[in-house]
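Report on the following structure.
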C-alpha cells in the first residue's frame, strides 16, 4: 500500500517554508526560499507551484501525495479560498486554493498560520489527547488558534483567532499596528516590545538607566532597541531589564487570562520567535501573574514541543485531518 504523504507550506511575507511529511507527522524533506514579492499574486502562485513540484520530485515510487496544506499570514476570505489581506506583501486578494488546485491537480487547503498551528498541536503535539486547546504565538505579532470541545473556531469571517487585538490597556497608551490603541500586540509582540520598554523607562531615574546594562545592549540608543536587546540584557542579569521583562510578562498574563476566561482550555501551548528564544523569561512571568486575572481554572501553559515547525505540522495536518477543520 502506498505511503500517504502531504505537502505543508508556511507562507510568510519574507520566506516560504515547505515540507513533505507523512500521516504520523514525520518530516521527510524540507525547503526554505525567499518569497517572491515583485510579480504580484500570479508570480507568487507560480513560485509556489515550482517549489511544490520541486519538493515532490524527492518522492519515492511507493509514496502518494494526498494534497497540499497552506498556512498563511494575513486575513482570509470566509470560505478559506483566498488570502484577502497580506500585510507583509505589496499586494492582496491572492486566489491560492483554486489556482494551485488547477495547476497541481490535487486538493489544496488554506488556513491562517495560527489556526494551522493549533491543528498541528492538536494532531501531532501536546494537544493530541485534549478537546480544548489554545495555541498562542508571541512573535512579530501576537495571534492564536483555538479548539473548543474538539472544534476549531473560525468565526463569521474566519478571524476568531485575532487574540492579539484584545484590549489590555484601557488608557490606550500605545498604538497597535492595526491602528487601534491598547491592544495586547501593541505591548508584547516582538515588533512592539521596544515601545513598551521605552514607555516603562520614562518612569525610571537617569541614574537607574545609566547603571543598567540595557544601554550597552542597545548600543547607546534606546530608539533603536530591539526585543532581543532587552531579553539578552535580562539574561545577563541586568536588574532593570529583568524588571521590564517582568512587566511585559504581566501584560502577557492579562492576555492569557482573557483567553482562559473566554475559551476555558485544558492546555495553552506557546510558540513564536520571542517565546521560543526566551522560554523562561516569557513563560515564568505569565505563570506567576495569570491567576491574578483568570476566573476559570488556569490550564497547563507551556512552550510547544513542535518548536518552530508547529505551523508546518499544522499545514500537513490540514491534509490528513481535513474532517477536523
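The values are calculated or read from the model by the stated rules, or taken from the named source; none is laboratory data. Being a predicted model, the structure only gives us computed values, none of them experimental. All Cβ positions, even for glycine, are placed from backbone atoms using ideal geometry, and neighbour counts span all protein chains on display.
Quickly run through the range 114-138 and pick out the residues that are over 18 Å from residue 315 (Cα atoms) and in contact with a strand residue (DSSP E or B) (Cβ under 8 Å, 6 or more places away or on another chain). Walk me through it before giving the result.
Quick first cut of the range 114-138, residues over 18 Å from residue 315 (Cα atoms) only: 129-132, 138.
130, 131, 132, 138, listed by residue number.
Do you know which residues across the range 175-202 are outside any helix (DSSP H, G or I) and touching a residue at least 24 places away in the same chain (Cβ under 8 Å)?
Taking the range 175-202 first, the residues outside any helix (DSSP H, G or I) are 175-183, 189-192, 202.
Within the range 175-202, 177, 189, 190, 191 meet the criteria.
Determine, yes or no, whether residue 215 is modelled with pLDDT under 95 and either surrounded by fewer than 21 Cβ atoms within 10 Å (Cβ to Cβ) or assigned to a helix (DSSP H, G or I) (or both).
Details: modelled with pLDDT under 95: yes; either surrounded by fewer than 21 Cβ atoms within 10 Å (Cβ to Cβ) or assigned to a helix (DSSP H, G or I) (or both): yes.
So residue 215 passes the test.
Six or more apart or on different chains, Cβ atoms under 9 Å: show the pairs whose first residue is in the range 2-18 and in the same structural domain as residue 66 (by TED's automatic domain parsing) and closer than 23 Å to residue 92 by Cβ and whose second is surrounded by 24 or more Cβ atoms within 10 Å (Cβ to Cβ) and at pLDDT below 90.
Hits for this filter: 11/83.
Free of Cβ contacts under 8 Å to residues at least 60 places away in the same chain and over 16 Å from residue 21 (Cα atoms), is that true of residue 54?
Working: free of Cβ contacts under 8 Å to residues at least 60 places away in the same chain: yes; over 16 Å from residue 21 (Cα atoms): no.
In short, no.
Tell me which residues, restricted to the range 31-42, are surrounded by 13 or more Cβ atoms within 10 Å (Cβ to Cβ), without any contact (Cβ under 8 Å) to a residue 40 or more places away in the chain and not in a loop (DSSP other than H, G, I, E, B). First the steps, then the outcome.
Within the range 31-42, the subset surrounded by 13 or more Cβ atoms within 10 Å (Cβ to Cβ) is 31, 33, 35-37, 40-41.
Then drop every residue that is not without any contact (Cβ under 8 Å) to a residue 40 or more places away in the chain, which leaves 31, 33, 36.
Listed by number, the residues that qualify are 31, 33.
Do you know which of the residues in the range 140-175 that are closer than 21 Å to residue 229 by Cα and in contact with a strand residue (DSSP E or B) (Cβ under 8 Å, 6 or more places away or on another chain) is surrounded by the most Cβ atoms within 10 Å (Cβ to Cβ)?
So the residue we want is 142.
Here's the yes/no breakdown for (1) modelled with pLDDT of 95 or more; (2) surrounded by fewer than 19 Cβ atoms within 10 Å (Cβ to Cβ); (3) farther than 25 Å from residue 153 by Cα:
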{"site": "14", "(1), (2), (3)": "no, yes, yes"}
{"site": "49", "(1), (2), (3)": "yes, yes, yes"}
{"site": "57", "(1), (2), (3)": "no, yes, yes"}
{"site": "70", "(1), (2), (3)": "yes, no, no"}
{"site": "81", "(1), (2), (3)": "no, yes, no"}
{"site": "88", "(1), (2), (3)": "no, yes, no"}
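Look at residue 325 and say whether it is closer than 19 Å to residue 139 by Cα and either within 19 Å of the chain's Cα centre (by Cα) or at pLDDT 95 or above (or both).
No.
Tell me which of these residue 318 doesn't satisfy, since it passes every other one: (1) assigned to a helix (DSSP H, G or I); (2) in the same structural domain as residue 253 (by TED's automatic domain parsing); (3) farther than 25 Å from residue 193 by Cα.
(2)
Could you pull out the residue among 270, 311 that is within 30 Å of residue 4 (Cα to Cα), touching a residue at least 24 places away in the same chain (Cβ under 8 Å) and not in a helix (DSSP H, G or I)?
Working: 311 fails: not in a helix (DSSP H, G or I).
Exactly one of 270, 311 is within 30 Å of residue 4 (Cα to Cα), touching a residue at least 24 places away in the same chain (Cβ under 8 Å) and not in a helix (DSSP H, G or I), namely 270.
Go through the range 250-266 and report how many residues are outside any helix (DSSP H, G or I) and crowded, with 20+ Cβ neighbours inside 10 Å.
Of the residues in the range 250-266, 1 are outside any helix (DSSP H, G or I) and crowded, with 20+ Cβ neighbours inside 10 Å.
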